[in-house]
Amino acid sequence: MNKRIFTLSDFDFHLPEELIAQYPSPERDRSRLFVIDKDGEFHHKRFCDIIEFLREGDVMVMNNARVIPARVLLRRESGGRVEFVLTQKLNEISWLAITNRTSRLKIGEKLIAERDSSIFFEIEGRQENFFRIRSSVPLSEQILEKIGSIPLPPYISRPEMELDKDRYQTVYAEKSCAVAAPTAGLHFTKELLDKCKQKGVICVNITLEVSWGTFSPVRCENLSLHRMHEERFSFPTESASLINEARANNRRIIAIGTTSLRVLEATYRNGKNIAREGTTDIFIRPPYDVYSADCLLTNFHTPRSTLLMLVCAFGGYERIMRAYEIAVNLKYRFFSYGDAMFIEKK
């Protein structure tokens, strides 16, 4: 039997604008949780109830990337103000970036950091929709804290607030390398993680440097023509060993977020995950079969997005799209600061 060929339109759905969460829930673990169990049954819970669906010996794979202050305000020599978002690090001083002044900037132009005039940037060139820019000094975490701010996703239509410094980071964030948060993990509190561990759940870390490409729209109806963004990852030996041991003993692997699942699939070979560092541009979409994880925790994603396609590949197209229809009707909150979904594979 030939597998169905999916197109971009297959992943469209109606999403009322008021369901796009502009703020996080008052408490991390009190957001709503939509559970799809292995029998296809739907359950509606609070996130703190996820403990009910976890088992002793489960391994939760968590992306410990920390969001850097990648939104930088700059001044042109003429005095005009320009906002850049650093989207992907190329080396110690060169980055890809997007800006709100695309048509006015020239190659070779210098821009001064508004919050520290001793630091400047030079525009080196263009790369598709991005600028390639070079900083006068390496952009350490300390320097970015001085000149930058947290880059909220483009669908959050308000300015950054003090609360975002905390709530747009997971409580287990360690590696300062991402320009977008691994948002499924935003719902965990330290206390809830402790409860998971007390139940016998094992937590392991991987790192995926989430780039701004995660927000890039798909423009091709023929999905085979879409080129995925490339992101760096690190998969430690200890994490791979614990995952492989669990799988060999028929214990579940739970991907905390689409970023963790991308790394799991990119490193999965012959029934095992291989510890390594590298990059991935893997495009997971139906009818792709996911073998590296048994459960997926994720937020609700945008229509026609590669993230929704990944979730459909993992959970089954029909039941995920039906779940999204129900989530809209029940007014679940969508996207980065929205509610969560926990999916068990059939």
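For region 36-74, a residue qualifies if it is over 26 Å from Ser239 (Cα atoms), part of a strand (DSSP E or B) and touching a residue at least 40 places away in the same chain (Cβ under 8 Å), and the qualifying residues are Ile36, Phe42, His44, Arg71, Val72, Leu73, Leu74. Based on this model, can you work out whether Gln22 counts as under 20 Å from the mean Cα position of the chain (by Cα), of a type outside the set (A, V, I, L, M, F, W, C) and over 30 Å from Ser292 (Cβ atoms)? The answer is yes for Gln22. Taking region 197-236 as the range and being surrounded by 19 or more Cβ atoms within 10 Å (Cβ to Cβ) and either over 22 Å from the mean Cα position of the chain (by Cα) or hydroxyl-bearing (Ser, Thr, Tyr) (or both) as the test, the residues that pass are Val201, Thr207, Ser211, Thr214, Ser234. Cβ-Cβ contacts under 6 Å between residues 6 or more apart (or on different chains), taken from a first residue in region 325-343 that is part of a helix (DSSP H, G or I) to a second residue that is of a type in the set (Phe, Trp, Tyr) and surrounded by fewer than 23 Cβ atoms within 10 Å (Cβ to Cβ), are listed as Ala327/Phe34.
Taking the numbered list (1) crowded, with 16+ Cβ neighbours inside 10 Å; (2) in contact with a Ser or Thr (Cβ under 6 Å, 6 or more places away or on another chain); (3) not basic (Lys, Arg) in turn, Ala173 passes all entries but (2). Those helices (runs of 4 or more DSSP H) of region 164-269 in which at least 1 residues are over 25 Å from Asp49 (Cβ atoms) and polar (S, T, N, Q), considering only elements entirely within it, cover 237-248. Would you point out the residue of region 324-343, among those that are within 11 Å of Leu15 (Cα to Cα) and of a type outside the set (Phe, Trp, Tyr), that is surrounded by the most Cβ atoms within 10 Å (Cβ to Cβ)? Of everything passing the filter in region 324-343, Ala327 is surrounded by the most Cβ atoms within 10 Å (Cβ to Cβ).
Can you tell me which residue in region 92-132 is nearest to Ala178 (Cα to Cα), limited to those that are of a type in the set (Val, Ile, Thr) and assigned to a strand (DSSP E or B)? So the residue we want is Ile98.
Every read-out reported here was derived from the displayed coordinates using simple, explicitly stated rules and does not represent laboratory data. Quantities reported herein were computed from a predicted structural model and do not represent experimental measurements. Virtual Cβ from ideal backbone geometry, glycine too; neighbours counted across all protein chains shown.
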